[in-house]
1. Using Cα atoms only, what is the angle between the long axis of helix 272-281 and the major principal axis of the chain, expressed in degrees (0 to 90) to the nearest 10?
2. Relative to the longest principal axis of the chain, what angle (0 to 90°, nearest 10) does the C-alpha long axis of helix 550-584 take?
3. Once every DSSP H run of n ≥ 4 in the chain is given -39500 (n - 2.57) and the sum is divided by its residues, what mean residue ellipticity at 222 nm do you get, rounded to the nearest 500 deg cm²/dmol?
4. Looking at (1) 0.98; (2) 1.10; (3) 1.22, which value of Cα Rg over 2.2 N^0.38 Å comes from a calculation on the structure shown?
5. Rounded to whole Å, give me the distance from the Cα center of segment 491-554 to that of segment 291-315.
6. If r is the Cβ-Cβ distance from residue 454 to residue 220 and R0 is 45 Å, what FRET efficiency results, to the nearest 0.05?
7. Using the alpha-carbon centroid of each, what span in Å lies between segment 420-443 and segment 327-353?
8. Sort 471, 396 so the one with the fewest other Cβ atoms within 10 Å of its own Cβ comes first.
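Please treat every number below as a calculation from the coordinates, not as lab data. Small disclaimer: the values here were computed from a predicted structure and weren't measured. Here Cβ is always computed from backbone atoms with ideal geometry, including for glycine, and neighbour counts include all displayed protein chains.
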């Protein structure tokens, strides 16, 4: 349920890309549109001489900028208010005002009207004010009365600046322009009133969520969002398994928390893999944090809960230890691939569908595998989602194949002998490798030598991988006679908020495949150099923390869906009113 809701929310991320990336761009758009409004109004509506623009145009632009400062001063007590957002708002408002002025001219020509009437200047001004009502209430968090008062200030000041003073009272008393313009403002006000309530009864204010989201994304201020999310979270016990290795060269560990990174940076546990990595590093242990079989319902909602979880990791209990393991095995069933190895009575399985891709593995598969492992005599099965190829959720047939591959792997592991093993580790900090599409915990390679055979495993602190990157890395290493079993990712959500259609950077979307492959080759060589006799410890921690749960995401998704439906209806009414204005005006 949570994954479907998250998917529906994520599909709408493109809506956050509407505004220009730079406030300078918005400022230029605003001035450009304003200049055209003045130009068209003077030449077509007022039919004045071009020479009149020499004074009017600079004055109008100066007043426009001053009016933006007035907006900022009036709204600055609101948390979301920033001068950049004032510029964006002015740009959108001037665009629709310019379009209305231009369409008024076009309508007069197409419909063969004897004159181009000034209704469109006035109506365009109030349409811009209506848009500002919508933005000031939904984005800035202004109350509806305040937005209604503030929204006409900038358009009206700009209007009076480029309009000859003797025409102002006449134009502002025009019944047609005022009628349609006020209708647009009324539609905007009604839209806000209804849309803000679409999440009820579970969400008191839809726009409160939007404003908290914008504060987190644009200002990197997660407090409001975390307060809302933690208030709706519930207590849960979550498991963490740690497979630690000790050699003469030091200690390292594979950590598998039954938590999911997210929801988005910098909120809650979005950077959880690095926080775990940092916690283990403080105890002189290098850690790679794997993606467990989990989804966004297991997000930690706040930094408070992250710290609560991290502090609990010191309460771990060792339940298996030794110095033997099986040779790794790889089982392929159609698209499903399972890499497995057993340390004592602990079976570790890495699940992948690369290069075909897959999203978070179903919890159902984990339960099946854990139960089957106990039937086969293992004390526990640690199931890891390698999360190494972008794709969709597994369908029914793919799930069946993955489950079958896991069971075959457990059958074979149970029959395989165990041997003493040697182990080596290398972190990307050892080779100075870093990239924009990698999280702060970096990359790592683990090398294990068992029964005279060498195997390696790669890892990256990233949000999944582009398709075929894993295959390119494995193929590059194979040309150097080095077998790499898998390349796993942590699914960190640290690299989110990016201005692209996905909203985050996937490993390989910035870094080239060739460079990444060379990094892993260099790390592998260092890890192999460090291979020495090793022992293992498997420990378990049960942590009582608040997690977001699936219901919370469902409520957000439903509120978003209803809001968009109300917005579509409101836009339809606005367009119908607009067309009527073009015909009547």
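1. 40 degrees
2. Approximately 20 degrees, to the nearest 10.
3. On the way: 18 runs with 277 residues, N = 585.
After summing the helix terms and dividing by the residues of the chain, the value is -15500 deg cm²/dmol.
4. Looking at Cα Rg over 2.2 N^0.38 Å for this model, the match is (3).
5. One Cα centre to the other: 16 Å.
6. Numbers: r = 44 Å, r/R0 = 0.97.
Once the sixth-power term is evaluated, E becomes 0.55.
7. 22 Å
8. Working: 471 15, 396 7.
Exposure proxy ranking, most exposed first: 396, 471.
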